[in-house]
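The values are calculated or read from the model by the stated rules, or taken from the named source; none is laboratory data. Just so we're clear, the structure is a prediction, and the values are computed from it rather than from any experiment. No Cβ is skipped: glycine too gets one built from the backbone with ideal geometry, and neighbour counts run over all protein chains shown. The protein model used for the area step is the full one, side chains on, heavy atoms only, and it has no ligands, DNA or RNA in it. Shrake-Rupley method; radii C 1.70, N 1.55, O 1.52, S 1.80 Å.
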Amino acid sequence: MCEMGTEAVEMSRLKNGEAQNSRHKQTDQVPAEGFTALSDEYDGNLGKVSDSLENNIHSDAPQKRARQQKELTFQDMYQNQDMFDDDDDDSDWEPMQKSLEVMKWFCRNCTMVNLDDINHCDICGEHRESKILSYGFFASPYAEDNDLTEAKPKIKKEVGIQDVATSPSTAIGFDERMLLHAEVQMKSHPHPERPDRLKAIAASLATAGIFPGRCYPISAREITREELLLVHSLEHIESVEATNQMISSYFTPDTYANEHSAQAARLAAGLCSDLASAIVSGRVKNGFALVRPPGHHAGVRQAMGFCLHNNAAVAALSAQVAGARKVLILDWDVHHGNGTQEIFEQNKSVLYISLHRHEGGRFYPGTGAAEEVGSMGAEGYCVNIPWSRGGVGDNDYIFALQNVVLPLASEFAPDLTIISAGFDAARGDPLGCCDVTPSGYAYMTNMLNALSGGKLLVILEGGYNLRSISSSATAVVKALLGESPEFELGNNFPSKAGLQTVLEVLKIQMNFWPSLEPIFGNLQSQWGMYCLGEKRKQSKKRRRVQLPMWWKWGRKSFIYYFLNGHLRLKSKRSF
């Protein structure tokens, strides 16, 4: 997910129309990445606008109207232009209004702002009229599509878990009421955790004929308070429920709620719970929870990181109620699932493994160092694989799965595997800035499908580029259906930083899992050879002289050939 504070903040508009001032509290948390409140520029522009208005208002205009204009913010004037319409002559106001207006549009795919005179997003290249919400990632990013039949992502028929066909297959949990969870008042640009995320994935699945079609839809159920109390405190549950009395509210500066958010969170948790129970009982083979709001940052007592209830934790405990003794949760969201770790850090029946950007605690939420291993007798049951930089791609993720995740999971022998599937490490995501491809996600899903007898539940977490998240989610669902990913493993040697991270994790975790010691020894030898190879390459680059090409044909041709030949011979003798 993304960065944010920790204090609950109440917004200014309630259902009964009473106005209250927001009271945001300063926190010591890492500041939110990529999100700000309304820009200070508004205040500066406001003073200029107010002064101009005073100078241009007719002398016979009511003083009341002048005071009203002076008190308005820039955003109020932009959104409430009708309030200036009356019988007075506004000829002096209209030119000023036009001169202040800056035409812009927000990219449907990545939410970034663009000037009105361009048609393609400067950041992601998506066309401003792209039909990604109609066709998903199948839509052309460059222009409007006219050659595709528009997909209808709305579910035509829902069936209860008990009605699923006798031949178990892939089930998908989705309910359109989760689209009602949205930020009421846009800040500097659209919030990245927006309803369009689900719309783009649903459109992609529908266009591909997967859902509806090849997967079973299950009817949504709102989670009960009793079930939530297994995961969250009563205070937390009541604070989420209280948002249904407010038009707009915030738990942290970037974790919003509206009057529909509590129900959306209950539906998301309920779908995850029912999918986990159905998979454990064998009524379905595997499942994908197409849900929001996400959950892995939500802890026992707090909502944060766009997350209200912890869906993966609810699913894990529901699976145990249904008969699973041990559950593996693999979290590949680019941010550490601090809430999931908090819930299970003292529980030996749930193995939590997270791959995430950490960068020494500088990347949100700052938790998830390799040294965080669990507590109170459950040491070794929290495994953090913290990347030290951005740009991490398929090779590093697959390498970590091969050398850390799968060896640990095989020894743990889970009865159910849950993937907290954030797709913000995907190539093109504006917050994650990593490089995992849809084929890479599909390949990892296939690797994990070999665990737990194929009992696998994928739960949507983060991911904020619509094209990236929809293509990645579709690839994962195809893998659940048994399709082989279009991915060639080839030379799966990781980056230098990735290998160093894996070695660090193995060195710590082999204190609790002795079976990891041989893997650590083998990789350590490879690490030494890798460093030596890099030094040789750098040495060759330093010793090779770049001579001007024109020497080759002039009076210095002899020197050119002599020096090049001499260096090559010397290189061959040296190595």
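Just a few scattered comments:
- Residue match in region 243-254 (condition: under 22 Å from residue 200 (Cβ atoms) and either out of contact with any strand residue (DSSP E or B) (no Cβ under 7 Å at 6 or more places or on another chain) or open to solvent by less than 10 Å² (accessible area, probe 1.4 Å) (or both)): yes
- If the condition is being more than 10 Å from residue 269 (Cα to Cα), of a type in the set (S, T, N, Q) and crowded, with 24+ Cβ neighbours inside 10 Å, then region 306-322 contributes only 318.
- Qualifying residue in region 431-440 (condition: among the small types (Gly, Ala, Ser), touching a strand residue (DSSP E or B) at 6+ places or on another chain (Cβ under 6 Å), buried (at least 23 other Cβ atoms within 10 Å of the Cβ) and within 30 Å of residue 324 (Cα to Cα)): no
- Condition check for residue 277: open to solvent by 10 Å² or more (accessible area, probe 1.4 Å), small (Gly, Ala, Ser) and closer than 16 Å to residue 343 by Cα: no
- Filtered residue count, region 200-226, keeping only those that are within 19 Å of residue 137 (Cα to Cα) and among the hydroxyl-bearing types (Ser, Thr, Tyr): 2
- Residue list for region 186-208, restricted to those being more than 19 Å from the chain's Cα centre (by Cα), assigned to a loop (DSSP other than H, G, I, E, B) and at pLDDT 95 or above: 208
- Within region 108-136, tally of residues that are assigned to a helix (DSSP H, G or I), hydrophobic (A, V, I, L, M, F, W, C) and buried (at least 21 other Cβ atoms within 10 Å of the Cβ): 1
- Among (1) open to solvent by 40 Å² or more (accessible area, probe 1.4 Å); (2) at pLDDT 90 or above; (3) farther than 30 Å from residue 191 by Cβ - the single one residue 561 does not satisfy: (2)
- The set of residues from region 305-344 being assigned to a loop (DSSP other than H, G, I, E, B) and of a type in the set (Asp, Glu) comprises just one member, 333.
- Breaking point among (1) more than 12 Å from the chain's Cα centre (by Cα); (2) at positive phi; (3) of a type outside the set (Ser, Thr, Tyr), for residue 458: (2)
- Among residues of region 502-513 that are over 11 Å from residue 404 (Cβ atoms), those with a beta-carbon under 6 Å from a residue that is among the small types (Gly, Ala, Ser) at least six positions away or on a different chain give the pairs 512/380.
- Selection status of residue 212, outside any helix (DSSP H, G or I) and of a type outside the set (Gly, Ala, Ser): no
- Within the option set 267, 271, 230, being open to solvent by 50 Å² or more (accessible area, probe 1.4 Å) and touching a residue at least 12 places away in the same chain (Cβ under 8 Å) holds for one residue only, 230.
- Scanning region 325-343 for residues that are in contact with a helix residue (DSSP H, G or I) (Cβ under 7 Å, 6 or more places away or on another chain) and closer than 23 Å to residue 267 by Cβ yields 327, 329, 331, 340, 343.
- Contacts under 6 angstrom Cβ, first residue in region 288-310 being on the phi < 0 side of the Ramachandran plot and touching a residue at least 60 places away in the same chain (Cβ under 8 Å), partner of a type in the set (Gly, Ala, Ser) and open to solvent by 10 Å² or more (accessible area, probe 1.4 Å), 6 or more apart: 300/233; 301/233
- Within region 378-421, considering residues that are in a helix (DSSP H, G or I), of a type in the set (S, T, N, Q) and open to solvent by 30 Å² or more (accessible area, probe 1.4 Å), the one nearest to residue 523 (Cα to Cα): 402
- One residue alone among 459, 469 is touching a helix residue (DSSP H, G or I) at 6+ places or on another chain (Cβ under 9 Å), more than 21 Å from residue 427 (Cβ to Cβ) and open to solvent by less than 10 Å² (accessible area, probe 1.4 Å), and that residue is 459.
- Under the condition of being buried (at least 24 other Cβ atoms within 10 Å of the Cβ) and outside any loop (DSSP other than H, G, I, E, B), the residues counted in region 281-303 number 4.
- Only residues that are touching a residue at least 60 places away in the same chain (Cβ under 8 Å) and open to solvent by 20 Å² or more (accessible area, probe 1.4 Å) were counted across region 325-345, and they come to 3.
- Criterion violated by residue 426 - all others in (1) surrounded by 24 or more Cβ atoms within 10 Å (Cβ to Cβ); (2) within 21 Å of residue 328 (Cα to Cα) satisfied: (2)
- Applying the condition of being among the polar types (S, T, N, Q) and closer than 29 Å to residue 210 by Cα to region 473-512 and asking which residue is least open to solvent (accessible area, probe 1.4 Å) yields 474.
For (1) under 24 Å from the mean Cα position of the chain (by Cα); (2) more than 17 Å from residue 458 (Cβ to Cβ), each residue gets a yes or a no:
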position: 310; (1), (2): yes, no
position: 318; (1), (2): no, no
position: 342; (1), (2): yes, yes
position: 352; (1), (2): yes, no
position: 355; (1), (2): yes, no
position: 401; (1), (2): yes, no
position: 410; (1), (2): no, yes
position: 414; (1), (2): no, no
